[in-house]
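Structure first, then comments.
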Amino acid sequence: MSTPAITAESITMAYGSFVVMNDLNFKINPGSICVIMGGSGCGKSTLLKHLIGLKEPAAGEIFYGKESFTKADRETRSNFLRKIGVTYQSGALFSSLTLAENVAVPLQKELNLKPKKVRDIASYKLALVGLAGFEDFYPAEISGGMRKRAALARAIALDPDLLFFDEPSAGLDPLSSARLDELILQLRESLGTTVVIVTHELESIFAIADHCLYLDVDEKTLTAQGSPKDLVENPPNDRVYKFLTRNGQSRT
Amino acid sequence: MSAAGKTAASPATADVSCDSGTCRVVCAGDWKLGETPDVPQFPHTSHGNKITYDVSRVTSWDSSLAVFLLTLAGEARDTGAIIDTDALPKDLQHLLALALAVPEKETGRDDLPKKSFVTRTGESVLDFLDTTKAAITFFGQLMISSVCLFRGRIPFRMREFYLLIQETGVGALTIVGLVATLTGLILAFVGSVQLKQFGAEVYVADLVGISMAREMGSLMTAIIMAGRSGAAFAAHIGSMKANEEIDALTTLGIEPHGHLVLPRVIALTLMMPLLSLYATFLGIIGGGVISNATLGISWSQYIVEMQTVVNITEISIGVGKAFVFAVLVAVSGCFSGMRSGTDAAAVGRATTDAVVNSIVLIVVADSIFAVVFSILGI
Ligand SMILES: Nc1ncnc2c1ncn2[C@@H]1O[C@H](COP(=O)(O)OP(=O)(O)OP(=O)(O)O)[C@@H](O)[C@H]1O
Ligand SMILES: [Mg+2]
């Protein structure tokens, strides 16, 4: 089997003395779509921040491919980061820049292109997320769901190898949400992108996830992982089953 | 039981009666938020006691009854009593079940208010040391970023820089001018009253000139800029932090220091000396106006007298101070912004911190300057 894109070894995450999660072990295979799920406030966003180096684990180590990310020096780290795209839970668009300029930031940073070219790429990325024609709007002038999508356009600006999404579909209508799933599958198809998504949307999880990580808020650790189908058919514990079936209500 | 439940619109009441291990809680009347009775004391609940409810004479209820029962349940649980909710109406039972479904989290936040004075003092000291360390690190990072910038390793965004220059420089002309002129006026006015007594009116020019060039020009400008630009820097960077924009910059491989802090520090250190020169000039004019009007000193007299004391050394001292003050204001503004928490109140606190810290630092630095200059004899 090929080397995993990301490996987490016994990660412990904490804010000061408040431990969020203990002893997380998982692997994310290249080209797979991995969903991080769990109850609200269990530490999904925090895990994502650890994976992209915005926070340092209290214990344990994260590997990108075979190389350690946690122990890497700044130079190596920024080389890793060059290949990833991230959307944050709150969008995190630069409020003083228009949507097109927002998408252009990574393009200008990494590529040496003429402004016209940059603009064309930005327009194309915005069109992909259904925001054609909004190039010259400022983030304050569009809706929350549109901001989410614009942030996604910025994250995929450089065709990254690895994409991290924090609740991309929260606040989106069902159609946009389905479109987003389609876009993610398409990106994986055409570019072989590895995708790590934090989401609660069961529809999305069943539609796109290859692998799920279930963070349990009470146990403070990873209590289940596997494909969503496996997890429903052979649930390793009751809580993950309830989570995936809306407390046993629906779905067969 | 007392007056419970006689009429439909009676006030809410709750009574407890206990006998042989069972406590009956009888509620009656109209339960409305804001008009609820206090939770009664259990006379003898002990471990294994049973608590039953009777709400048959409650005429109407809202959340107040649920809150009451929950509080009661909490107290009863503490004493180890068993609560029997079967007698409650179904909908009320459901609400209570929902409220109790997710057990209270051990967040470690409960024991916060119980800290002793010594603990709190110790924590404040540690906090202060922490902040100082962070400030030094911040300054170091800034130095590294500036070296990178001059080596051309950080792209410099000219458009944003021009905007900053405009905001911190041109935008402050009116307010700095107004305050400086008035400072000059006041100095001349106060000085003239004293100097008149000795017939030394003409020395008002020396007084105003020296004070403005050495002290007031740079000090007043710095204080205005602390309130104007320092606060703006902190608020801007703080709200970028709240909106995860700083995280986004970091993962895009753009150093927040080089991108956000450095341009601000450079813009302010370029603009503040100029503003301070401008303030000195206007202050001297303000002083001249008063000398002219109340002391009858002509403009030429005023200027000639001024020239005997205000020389290039005095001016350079003022400008040099303005330069240092600018670094202090810009760095402390950006530092507070970068350390801000992620909610609206935290951004507000960061802004306050920025202004207060800058002003304290300015005054401390000015005192150090005064001592050093007096030792050096300049
Ligand atoms: N800056 C912080 N300081 C202290 N504790 C924090 C901080 N940010 C988050 N936490 C705590 O960490 C835990 C996990 O937060 P996180 O934001 O990762 O949750 P989440 O799983 O993403 O939730 P949601 O689904 O609601 O987004 C929460 O209990 C929260 O109280
Ligand atoms: Mg989250």
Hey, B:ILE186 hits all of (1) away from every other protein chain (no Cβ under 14 Å); (2) buried (at least 22 other Cβ atoms within 10 Å of the Cβ); (3) β-branched (Val, Ile, Thr) but one; which does it fall short on? (2)
Only one of A:ILE33, A:ILE52 is more than 16 Å from ligand 1 (Cβ to nearest atom), of a type in the set (A, V, I, L, M), within 19 Å of A:HIS211 (Cβ to Cβ) and touching an Asp or Glu at 6+ places or on another chain (Cβ under 9 Å), namely A:ILE33
Answer yes if at least one residue in region A:106-117 is under 21 Å from B:ILE237 (Cβ atoms) and either within 12 Å of chain B (Cβ to nearest Cβ) or in contact with a helix residue (DSSP H, G or I) (Cβ under 6 Å, 6 or more places away or on another chain) (or both), and no otherwise. yes
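Restricting attention to strands (runs of 3 or more DSSP E) lying wholly within region A:155-252, give those where 1 or more residues are aromatic (Phe, Trp, Tyr). Break it down stepwise before answering.
Working: elements: A:162-166, A:194-198, A:211-216, A:221-226.
So the answer is A:162-166, A:211-216.
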Working carefully through the options A:PRO139, A:PRO235, find the one that is crowded, with 16+ Cβ neighbours inside 10 Å and within 25 Å of A:LYS49 (Cβ to Cβ). A:PRO139
A:LEU97: in a loop (DSSP other than H, G, I, E, B), of a type outside the set (Phe, Trp, Tyr) and more than 11 Å from chain B (Cβ to nearest Cβ), yes or no? no
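Residues are listed down the side, and each one gets a yes or a no for (1) away from ligand 1 (no atom under 16 Å from the Cβ); (2) away from every other protein chain (no Cβ under 14 Å); (3) assigned to a helix (DSSP H, G or I); (4) surrounded by 22 or more Cβ atoms within 10 Å (Cβ to Cβ):
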{"residue": "B:ILE303", "(1), (2), (3), (4)": "yes, yes, yes, no"}
{"residue": "B:SER316", "(1), (2), (3), (4)": "yes, yes, yes, no"}
{"residue": "B:VAL319", "(1), (2), (3), (4)": "yes, yes, yes, no"}
{"residue": "B:ALA322", "(1), (2), (3), (4)": "yes, yes, yes, yes"}
{"residue": "B:PHE325", "(1), (2), (3), (4)": "yes, yes, yes, yes"}
{"residue": "B:ALA330", "(1), (2), (3), (4)": "yes, yes, yes, yes"}
{"residue": "B:CYS334", "(1), (2), (3), (4)": "yes, yes, yes, yes"}
{"residue": "B:THR342", "(1), (2), (3), (4)": "no, no, no, no"}
Of the numbered conditions (1) at the interface with another protein chain (Cβ under 10 Å from one of its Cβ atoms); (2) assigned to a helix (DSSP H, G or I); (3) within 16 Å of ligand 1 (Cβ to nearest atom), A:VAL19 fails exactly one; give the number of that condition. (2)
Is it the case that A:ILE121 is away from chain B (no Cβ under 11 Å), open to solvent by less than 50 Å² (accessible area, probe 1.4 Å) and touching a residue at least 24 places away in the same chain (Cβ under 8 Å)? yes
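Report yes if some residue within region A:62-84 is assigned to a loop (DSSP other than H, G, I, E, B), within 16 Å of ligand 1 (Cβ to nearest atom) and either within 20 Å of the chain's Cα centre (by Cα) or touching a residue at least 40 places away in the same chain (Cβ under 8 Å) (or both); otherwise report no.
To start, the set of residues in region A:62-84 that are assigned to a loop (DSSP other than H, G, I, E, B) comprises A:65-66, A:69-73, A:83.
Add one more test, that the residue is within 16 Å of ligand 1 (Cβ to nearest atom), and what stays is none.
Taking every residue of region A:62-84 in turn, none turns out to be assigned to a loop (DSSP other than H, G, I, E, B), within 16 Å of ligand 1 (Cβ to nearest atom) and either within 20 Å of the chain's Cα centre (by Cα) or touching a residue at least 40 places away in the same chain (Cβ under 8 Å) (or both).
Free of Cβ contacts under 8 Å to residues at least 24 places away in the same chain, out of contact with any strand residue (DSSP E or B) (no Cβ under 6 Å at 6 or more places or on another chain), away from chain A (no Cβ under 14 Å) and open to solvent by 30 Å² or more (accessible area, probe 1.4 Å): is that true of B:ASN292 in this structure? I'd like the intermediate steps shown before the answer.
On the way: free of Cβ contacts under 8 Å to residues at least 24 places away in the same chain: yes; out of contact with any strand residue (DSSP E or B) (no Cβ under 6 Å at 6 or more places or on another chain): yes; away from chain A (no Cβ under 14 Å): yes; open to solvent by 30 Å² or more (accessible area, probe 1.4 Å): yes.
Taking the combined requirement at face value, the residue satisfies it.
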Please enumerate the residues belonging to region A:150-166 that are within 15 Å of the chain's Cα centre (by Cα) and within 23 Å of A:PRO4 (Cα to Cα). A:ALA155, A:ILE156, A:ASP159, A:PRO160, A:ASP161, A:LEU162, A:LEU163, A:PHE164, A:PHE165, A:ASP166
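The values are calculated or read from the model by the stated rules, or taken from the named source; none is laboratory data. Just so you know, these numbers come straight off a predicted model, no measurement behind them. All Cβ positions, glycine included, derive from the backbone under ideal geometry; neighbour counts span all protein chains shown. Areas reflect the complete protein model, heavy atoms only, side chains present, ligands, DNA and RNA absent. Shrake-Rupley method; radii C 1.70, N 1.55, O 1.52, S 1.80 Å.
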